[in-house]
1. When a footprinting reagent is the concern and you count Cβ atoms within 10 Å, what order do B:Val54, B:Val73, B:Val243 take, fewest first?
2. Go from 0 up to the bin containing the longest alpha carbon distance in the protein assembly as shown, width 20 Å each, and give me the % of pairs per bin.
3. With springs only between Cα atoms under 10 Å apart, run a GNM on chain B and tell me which of B:His206, B:His133, B:His269 wobbles the most.
4. Which residue, chosen from B:Ser274, B:Thr238, B:Pro252, occupies the Cα position most advanced towards the positive end of the dipole of segment B:215-294, where the dipole is computed from +1 (Lys, Arg) and -1 (Asp, Glu) charges on Cβ about the Cα centre?
5. If R₀ is 30 angstrom, what is the calculated FRET efficiency for the pair A:Ile186 and B:Leu151, using the beta carbon separation as r and rounding to 0.05?
6. For B:Leu29 paired with A:Lys144, estimate the spin-label separation in nm (one decimal), with each label point 7 Å from Cα along the Cα-to-Cβ line.
7. Which order do B:Met50, B:Met145, A:Met221 fall in if you start with the one that has the fewest other Cβ atoms within 10 Å?
8. Pick from B:Leu16, B:Leu181, B:Leu60: which residue has the top mean-square fluctuation in a GNM of chain B where Cα pairs under 10 Å get a spring?
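Derivation of every value follows stated rules applied to the coordinates shown; laboratory data play no part. Just so it is clear, the model here is predicted, and its values are computed rather than measured. All Cβ positions, glycine included, derive from the backbone under ideal geometry; neighbour counts span all protein chains shown.
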Amino acid sequence: MLTIYSWYCILHLPITTQVLVMNLFVSILTSIIIVVIVWFGVIYQPSSTDIDIITSDQAHEIAKEITAGTSPFIAKKIKTNTDKNDVKYAVYNTPVRSVFGVEQHMKINDIEQLWSKFYRDQALQSKLNDYPTAAYVLYRNISKDFKNADITIGYHSDELSNKPTGVLLPVGYYQTVLTGNDITSIQLLKAWQKLDFSREVTAVIERHQLNKSADVTSVRMQVIYK
Amino acid sequence: METLSEVVSTDFIYGLETWLDDWFLVFALALFVFELIRYAFKKKLSWDLMGDSVANFATLAMFIVIVALVAGVYAGVFFYVYENFRIIDLPVTGWTILACIILADLAYYWEHRFLHMNGFGWATHTVHHSSPHFNISVAYRHGPMDWFFPLFFHLPLAVLGFNPFIIFLAEVIVQIYQTLLHTESVKKLPRPIEAIFNTPSHHRVHHATNKQYLDKNYAGILIIWDKMFGSFAQEKETVNYGVFPRVNSVNPLTVFFSGYGTFFLRLWHAPSWSHRFKLFVKSPTWAWQQEQQEKKGSN
Ligand SMILES: [Zn+2]
């Protein structure tokens with residue numbers, strides 16, 4: 001009602017101070033309405049049909065989880081249809097699709113060994129199309145005490161010739177644990193203590209941004225929980 | 001259409017943003033050289049223009065130092081709010097990015113209008129307006145607190161569930177578009193473009209001291225916001241650029257700190273606490289009028 005009255009004022013009165021005040025109020029109100037409309041547009045946007053990295057089992061899992069969770073809008077959007085895996089909305093912010101490199105089941109504390117194996121792997125390094133933008137460390141099947149894991153150190157598959165499949169990252173919402181420019185390997189190991197121990201960890205990924213001389217310029221560590 | 005629905009990785013967005021940041025400055029410098037050649041042909045090249053341009057890039061250098069110091073905190077606030085207070089998880093797709101650019105453009109409008117409407121914001125934004133010239137280098141003329149105010153206007157986007165990487169990309173895109181508007185070498189663009197988008201012509205009006213042009217055309221990319229919210233003016237009369245009081249200096253330090261210098265002097269000499277409060281929240285035009293009246297009174 002107030003809005004209609006305000007619009008009426010704007011349309012029918014000459015510009016006086018009073019109208020300018022009203023105008024500001026209506027303008028802000030209109031802006032909020034625009035934001036809400038665009039926001040709903042984003043929530044109900046058309047979804048792509050070719051997400052191939054989720055199996056229907058995973059889809060089912062994620063959908064169940066989200067239905068139980070906090071976001072009613074997303075829950076609505078996801079169809080728990082097991083034949084078709086159209087759960088695009090479950091893919092939130094997966095940093096990269098897949099990582100290709102060296103892999104080993106090992107102690108997390110011994111990661112340096114895998115790093116040297118990674119840098120010495122000539123076959124891998126020669127696959128690079130250009131200077132790599134980042135190296136990734138992926139931890140999966142992490143033991144309950146956070147001591148052992150299946151660790152992969154590699155590059156984003158898209159940066160390698162023929163785009164090898166590599167290890168697919170679990171899709172979902174990744175939380176940032178640590179990010180910054182001068183992060184030491186000790187800080188990275190310590191960051192594991194910041195994880196939520198009450199929840200089961202699906203995977204942890206570190207992104208080591210590289211410059212052209214292959215120095216690490218920044219590191220980001222993210223976690224995805226079950 | 002299909003491609004806009006595809007899920008984009010956050011690393012790709014981050015890469016795109018840094019790529020834009022780096023290469024656009026090179027591109028803008030090339031445009032600036034072109035503008036200088038054009039001025040030379042028109043015999044409008046002067047020492048004052050050259051000095052002003054050097055000062056503009058010097059303020060940019062000082063601004064970059066400040067940004068380097070606060071960037072971590074700025075990004076940290078966005079990630080913190082996003083991780084803890086987002087209402088919903090929006091998918092990272094082309095559609096989401098497009099929508100975010102539109103909303104960031106609207107946020108830019110309000111932030112910009114806010115900067116013009118109160119003494120505290122104007123103290124930093126006046127630096128950008130104080131040049132008596134209008135060319136690409138003016139786009140890089142920054143005040144010391146220019147990084148601070150966008151935070152509050154863009155943070156709601158994180159609450160709405162836009163990934164901070166998308167918000168930063170949208171901010172960069174609006175900023176880049178805005179930069180390109182600072183030129184006299186483009187007169188008017190085709191009508192439909194002038195009707196919907198912000199153009200060099202509309203933005204010249206924004207930088208004017210002509211009375212009918214004051215506090216007009218705050219837009220970033222879309223001029224429709226100004227048309228809707230009653231702050232639009234068409235460029236008709238020739239524009240005089242600058243602000244009152246004039247800075248009359250090409251010393252980068254004077255230029256960079258002039259806004260806050262004037263602001264704190266006014267606070268210091270204010271006759272009362274209510275006057276001080278008004279200096280914060282009232283428009284700079286009000287402060288300027290008060291000063292003029294006082295001068296008349298004392299004569
Ligand atoms: Zn302005």
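1. Working: B:Val54 12, B:Val73 9, B:Val243 21.
By the 10 Å Cβ count, ascending: B:Val73, B:Val54, B:Val243.
2. 19, 46, 29, 6, 0
3. Highest fluctuation of the listed residues: B:His269.
4. Positive-end residue among those listed: B:Ser274.
5. Values: r = 32 Å, r/R0 = 1.07.
After rounding to 0.05, the efficiency reads 0.40.
6. It works out to 6.0 nm between the two label points.
7. Numbers: B:Met50 14, B:Met145 18, A:Met221 25.
Going from sparsest to densest Cβ surroundings: B:Met50, B:Met145, A:Met221.
8. For chain B, modelled as a Gaussian network with Cα springs under 10 Å, the answer is B:Leu16.
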